[in-house]
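Engineer: Okay, handing you the structure first.
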Amino acid sequence: MLAALIALVTAFALDCLLGDPPNNLHPVVAMGSLIRWATQTWNKGTPVSRFWAGAGLMIAGGALFAMPWLAIGLAWRGWPVWAQGILTGILLKPMFAFRGLLRAGKEVQQALRAGDLLKARQLVAWHLVSRDTSNLSGPQVVSATIESLAENLTDSFLAPLLYFSIGGLPLAWLYRFANTADAMIGYRTPELEWFGKFAARLDDVLNWLPARVAGLLLVVSAGLAQMDARAAWKTMWQQHGRTASPNAGWTMAAAAGALGVILEKQDHYHLEGGPDWPGVQAIRQALGLVTVAIVLSLLLCGGVILGSRRML
């Protein structure tokens, strides 16, 4: 229990101080390389064969990146608790990120304040969303930024730490592999629909609980940050189903309500937390909202570690 708490604090401190490791040392890059190779090699044949090839990738890749930590955890049992905690924290850090996420939001805000819409579009495309941003208006760029900040509270922070709190490094690394695979191949395109279907559904299942918890944390954060918690709850509850994803709508709708703005991805969803499109100042408010939710998420995960260990 103490080692897991030390690991949680260590990983959070490393992200605060250093951010993400270089790409050539980042395990998510290795995950991406495996997924890319498997897609090029195995994504062939009939829809059924493609589906099972994609399922095989998820099973094999999940085992490859998760199982070694079971053996290593057993080998560390005789070590001092502080050493176990610090080493575990170092290995946990690459599985989540918040400093980079907040920095990306601030960069978009700075570009818009400077009147550089072209740069703001580029920054959103590079760091936050996968959609085409070349023709987005200023308010649409702001909307995309807030949507990404809200959705990534689940994917990039709460979910991996929550799974670590429940199942240690193996579950955190398994989650990150599944989430990375969904981001790369979980699309309904002719080429990827069947090969990526297993990854997409697995990611939906793994994010089901974290997304809803993250939405609730944003509602609480709205109250703590002196925003509209009542509207955050109402918008989340009534509009979370407007997104194609069964999970993304919970945090995005909560953020829309807390900020009292419209968040929209054209031809996909329209979330009405208020009557107006967000201005540049809404990014600053969203950064504050998500920062409070990050702190609450960390406290929640610490509580889960304490509670789960007492139940064993």
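Engineer: Can you find, among Gly100, Ile86, Leu112, the residue sitting farthest towards the positive end of the charge dipole of the range 55-118, where Lys and Arg contribute +1 and Asp and Glu -1 at Cβ?
Structural biologist: In the range 55-118, that residue is Ile86.
Engineer: For a test of the definition: using alpha carbon positions, the gyration tensor, and the 1.5 limit on a/c, classify the range 164-223 as rounded, prolate or oblate.
Structural biologist: It is oblate, given that a/c is not under 1.5 and a/b is not larger than b/c.
Engineer: Something else now. For the range 2-311, just the Cα atoms, rotate onto the principal axes and tell me the three extents in Å, largest first.
Structural biologist: Taking max minus min along each principal axis of the Cα atoms, the range 2-311 gives 57, 49, 35 Å.
Engineer: If you look at just the Cα atoms of the range 204-253, how large are its Rg and its Dmax in Å?
Structural biologist: 10.6, 33
Engineer: Right, here's the next one. Give the range of the longest stretch in the chain that excludes all trypsin sites (Lys or Arg not before Pro) found in loop regions by DSSP and having at most 11 other beta-carbon atoms within 10 Å.
Structural biologist: 189-312
Engineer: Continuing with this model, one more query. Kindly count the pairs of lysines across the chain whose alpha carbons are less than 30 Å apart, treating pairs on different chains or eight or more residues apart as eligible.
Structural biologist: 10
Engineer: Bin all alpha-carbon pair distances of the range 130-197 at 5 Å intervals from 0 and give each bin's fraction as a whole percent.
Structural biologist: 4, 15, 16, 16, 19, 17, 9, 4, 1
Engineer: Let me ask something else about it. For the chain, with a Gaussian network of springs between Cα atoms less than 10 Å apart, report the residue from Ala222, Ala159, Ala63 with the top mean-square fluctuation.
Structural biologist: The residue with the greatest mean-square fluctuation here is Ala63.
Where a number appears in this text, it was derived from the coordinates with a stated rule and is not lab data. On a predicted model such as this, the values are computed, not experimentally measured, just so you know. Glycine gets a Cβ as well: all are built from the backbone with ideal geometry, and neighbour counts include every protein chain shown.
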